[in-house]
Amino acid sequence: MNVIKGFATTFKHLLEEPVTIQYPEQVQKFNERYKGRHHLRRYENGLEKCIGCSLCAAACPADAIWVEAAENTDEERYSPGERYAKTYEINMLRCIFCGYCEDACPTQAIQLGHEHQLSFTDRRDSIYTKDMLIDPPAEGKAGTPRQVEPGVYTRSIPQMEDPS
Amino acid sequence: MSRNLKIGIGVGVLAVVAITLVLVITNLSAIATWIGFDSAGNLNGREGAIGMLLSPESRVQNLIQCEDDAGCSAIWPIIFAAGFALVIVTGFAYTTLLERRLLAFLQHRVGPNRVGPGGFLQPAADGVKLVFKEDLMPAGADKWVYRLAPMIKVIPVLLVAAVIPMGPDLVLPWFAPSLGDVWYQVPQGLVDSNVGILWVIAITSIATYGVVLAGWSSDNKYAMLGALRASAQMISYELSMGLTLAVPVMIVGSMAFGDIIDAQRNIWDWLVFQNPLAAAILMLALLAEVSRAPFDLTEAEQELTQGYMTEYSGMKFALFMMAEYIGMIVVSMVAIAAFFGGYHLFPVDGMPILAPVIFLGKVILFLCGMIWVRATLPRIRYDRLMQFGWKVMIPLSLLSVAWTAISIVVGDALGGGAYPIISGVVFVVVLAVGAIALNRLGSEDASEESIPMEDDPMYTGERRGVGWALVHLVGMIVAIPIALINFNVKALDGLASFGRTPEEDRALESGETAITTTTGGD
């Protein structure tokens, strides 16, 4: 009878290993495109990719990003081009992790990584500032701000090759 | 834990172990005598602790029956009741844990395993949470009934356990000032009443009051509906419970649980083998009695939020949950005592201390069975639940009573071996009929035989069929006295109005004048 089959099914579950993942000892594997915490990326030479254009703030549906731009000089250069983001803040309570900022960015500066353990105990701690979001410079390379040769880093948006 | 704390605990444990070892080694001979080794080194056991485990009442000199002694018969029930209540309440707490863990494993997941090793302290955490929860009362609730209702539900289910013995009489040592060292033979039950089965059926009915009062006093129409449903369900399954509990009474000849358990000393004596239908029906009826899946529609979250418990929070809610789980435990105890051998697995008269352990093991098995049923079967819809209770369970329980009755009568008439043979014959017949009926139900012909609504006599009002005739016959019989009374009253009225004029008749009917004796008609 079907009832007996039902009992056999649940009994089989008793003998199999449970599917539960024991967090936090075991963490589930994420796909490559998982949208976690934001990162502000750098170029390989150490300059920041973010040019402070605030297209990400414009694209954000939850109004979570605040960008203040300031002017780059060759003595104190943060990013190639004229502008850099002096203030860059994301309110993690407003952010819905949709990835529109990543899509809108012209220099591929802001990208969503895999960090997901983002808890805090005070609402004020939910504002992630630029120093919490910026990638550290690569090993051995200089960070920003730094002094560069004048006239080299004049293009804010890099020369992109045609992928086709 | 900090490193210093670990070091401290380690040192403490080592100290305790060392002291114990020293004490044991220096007193080895005394310990050996206590266990039961005699001077030659043989485990003689007659006066040792091991000996006391086996047939203790035959080995002691001053044995006093507890019921004969004034002090013991007053104190022992209190001690036993306090200890038993404590054990049951702890058992309730760990039944919740068992349920959550086992249900989870049956559903291919893990239950609570964070609070304490393996979730061992989860019930404590739940208890603390419920104690600290805000104790709400709806504004329009009937205050005292609202407070009393959980108690009225919990107390009867605890009381049911009073008549079920946990084991044969224990022998306990005591020092009585006037008598010196004496041994009391105490029962392992509160009261082995000689109407134990009746007690069970009666007291479980009182729990229904708690349910209805809870729903009524909540000032919530959905809670009230849930309460009415729950109480109707409990009442309708009590009939099958009562009938199937009559089967052990018939076989054993006594309503006392102690006698029923003692009649099932060996596994082959268990009453379940003599009437499995009654055992099965009893287990189903008891499941419905405690509103346990698959009969738990009245507390299903999807249907009625929590049914009659909706407006309760905090400790009062905990009391309702307590009533449900303790009901599960106690009801398993009743079923085991009635059909599954009680505390006997092999005859445990010689080792009374083992009986509660065996009983506990069986209760845990039954609880696991209940949880397995909950994990497997979907909830039964309420109208089907009521139909099942009245149209299937009661006829089947009548059938099981008839089975046992016929077997006993024929067995008594024909002597020795006839009882098992007749019982077996009826068993085969019931199995065959059941298999055929279930096959027909499961096949597709059955669904085509249902009458479409246009032809249903309830709808068309046509007057034919056996049912209609029966109803009218019964109605006629019931109507006879009513018709006679009516006829008599009308006849007397007619006689009274014999001498009155039509005007006086009309005046009487309109009520303007009181009845006066007529002076007319001279």
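The values are calculated or read from the model by the stated rules, or taken from the named source; none is laboratory data. The structure presented is a predicted model; accordingly, all values stated were derived computationally and were not measured. Glycine also receives a Cβ, built like all others from the backbone with ideal geometry; neighbour counts cover every protein chain displayed.
Summary of computed values
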read-out	value
Filtered residues of the stretch B:118-131 (kept if more than 14 Å from chain A (Cβ to nearest Cβ) and surrounded by fewer than 19 Cβ atoms within 10 Å (Cβ to Cβ))	B:120, B:121, B:124, B:125, B:126, B:127, B:128, B:129, B:130, B:131
Of the criteria (1) surrounded by 11 or more Cβ atoms within 10 Å (Cβ to Cβ); (2) at pLDDT 90 or above, which one residue A:137 fails	(2)
So residue A:36, is it touching a His at 6+ places or on another chain (Cβ under 6 Å) and either away from every other protein chain (no Cβ under 14 Å) or surrounded by fewer than 20 Cβ atoms within 10 Å (Cβ to Cβ) (or both)	yes
Lone qualifier among B:115, B:171, B:128, B:110 - being of a type outside the set (D, E, K, R) and closer than 30 Å to residue B:339 by Cβ	B:171
Of all residues in the stretch B:206-229 being within 30 Å of residue B:253 (Cα to Cα) and crowded, with 17+ Cβ neighbours inside 10 Å, the one that is nearest to the chain's Cα centre (by Cα)	B:207
Candidate set: the stretch B:184-233, residues that are in a helix (DSSP H, G or I) and among the charged types (D, E, K, R); chosen: the one nearest to residue B:167 (Cα to Cα)	B:229
Those residues of the stretch B:95-143 which are within 28 Å of residue B:215 (Cα to Cα), assigned to a helix (DSSP H, G or I) and of a type outside the set (A, V, I, L, M, F, W, C), in sequence order	B:95, B:96, B:99, B:100, B:123, B:126, B:127, B:129, B:143
Tally of residues being of a type in the set (Lys, Arg) and free of Cβ contacts under 8 Å to residues at least 40 places away in the same chain across the stretch B:362-374	1
Boolean, residue B:97 is without any contact (Cβ under 8 Å) to a residue 60 or more places away in the chain, out of contact with any Phe, Trp or Tyr (no Cβ under 6 Å at 6 or more places or on another chain) and not basic (Lys, Arg)	yes
Test: residue A:71 is within 12 Å of chain B (Cβ to nearest Cβ) and exposed (fewer than 13 other Cβ atoms within 10 Å of the Cβ)	no
Yes/no for residue B:247 being surrounded by 23 or more Cβ atoms within 10 Å (Cβ to Cβ), farther than 30 Å from residue B:411 by Cα and modelled with pLDDT of 90 or more	no
Residues being more than 14 Å from chain A (Cβ to nearest Cβ) and either touching a residue at least 60 places away in the same chain (Cβ under 8 Å) or among the acidic types (Asp, Glu) (or both) - total across the stretch B:375-406	18
Residue list for the stretch B:72-107, restricted to those being more than 18 Å from residue B:292 (Cα to Cα), in contact with a Leu (Cβ under 8 Å, 6 or more places away or on another chain) and buried (at least 17 other Cβ atoms within 10 Å of the Cβ)	B:77, B:80, B:84, B:88, B:105
Breaking point among (1) touching a Gly at 6+ places or on another chain (Cβ under 6 Å); (2) on the phi > 0 side of the Ramachandran plot, for residue A:63	(1)
Options B:163, B:171, B:154: the member that is in contact (Cβ under 8 Å) with a residue 40 or more places away in the chain and more than 18 Å from the chain's Cα centre (by Cα)	B:171
Any hit, the stretch B:386-398, residues being crowded, with 16+ Cβ neighbours inside 10 Å, assigned to a helix (DSSP H, G or I), among the charged types (D, E, K, R) and assigned by TED's automatic domain parsing to the domain that holds residue B:272	no
Pairs where the first residue, in the stretch B:123-142, is assigned by TED's automatic domain parsing to the domain that holds residue B:90 and over 24 Å from residue B:100 (Cβ atoms) and the second is in a helix (DSSP H, G or I) and among the aromatic types (Phe, Trp, Tyr), C-beta under 7 Å, 6+ apart	B:137/B:146
Set B:295, B:366: member being assigned to a helix (DSSP H, G or I), of a type in the set (Phe, Trp, Tyr), closer than 30 Å to residue B:403 by Cα and out of contact with any Cys (no Cβ under 9 Å at 6 or more places or on another chain)	B:366
The stretch B:337-352: number of residues that are of a type outside the set (Phe, Trp, Tyr) and surrounded by fewer than 16 Cβ atoms within 10 Å (Cβ to Cβ)	3
Residue check, residue B:326 in contact with a Phe, Trp or Tyr (Cβ under 7 Å, 6 or more places away or on another chain), β-branched (Val, Ile, Thr), without any contact (Cβ under 8 Å) to a residue 40 or more places away in the chain and not in a loop (DSSP other than H, G, I, E, B)	no
Single unsatisfied condition, residue B:373 versus (1) β-branched (Val, Ile, Thr); (2) more than 11 Å from residue B:294 (Cβ to Cβ); (3) modelled with pLDDT of 90 or more	(2)
Hey, residue A:114 under 30 Å from residue B:113 (Cα atoms) and in contact with a Phe, Trp or Tyr (Cβ under 8 Å, 6 or more places away or on another chain) or not	yes
Check on residue A:2, more than 10 Å from chain B (Cβ to nearest Cβ) and not hydroxyl-bearing (Ser, Thr, Tyr)	no
Condition met for residue A:143 (more than 17 Å from the chain's Cα centre (by Cα), surrounded by 14 or more Cβ atoms within 10 Å (Cβ to Cβ) and either on the phi < 0 side of the Ramachandran plot or not basic (Lys, Arg) (or both))	yes
Output for the stretch A:5-33, where each listed residue is more than 10 Å from every other protein chain (Cβ to nearest Cβ) and surrounded by 10 or more Cβ atoms within 10 Å (Cβ to Cβ)	A:27, A:30
So residue B:265, is it outside any helix (DSSP H, G or I), surrounded by fewer than 19 Cβ atoms within 10 Å (Cβ to Cβ) and either assigned by TED's automatic domain parsing to the domain that holds residue B:166 or in contact (Cβ under 8 Å) with a residue 12 or more places away in the chain (or both)	yes
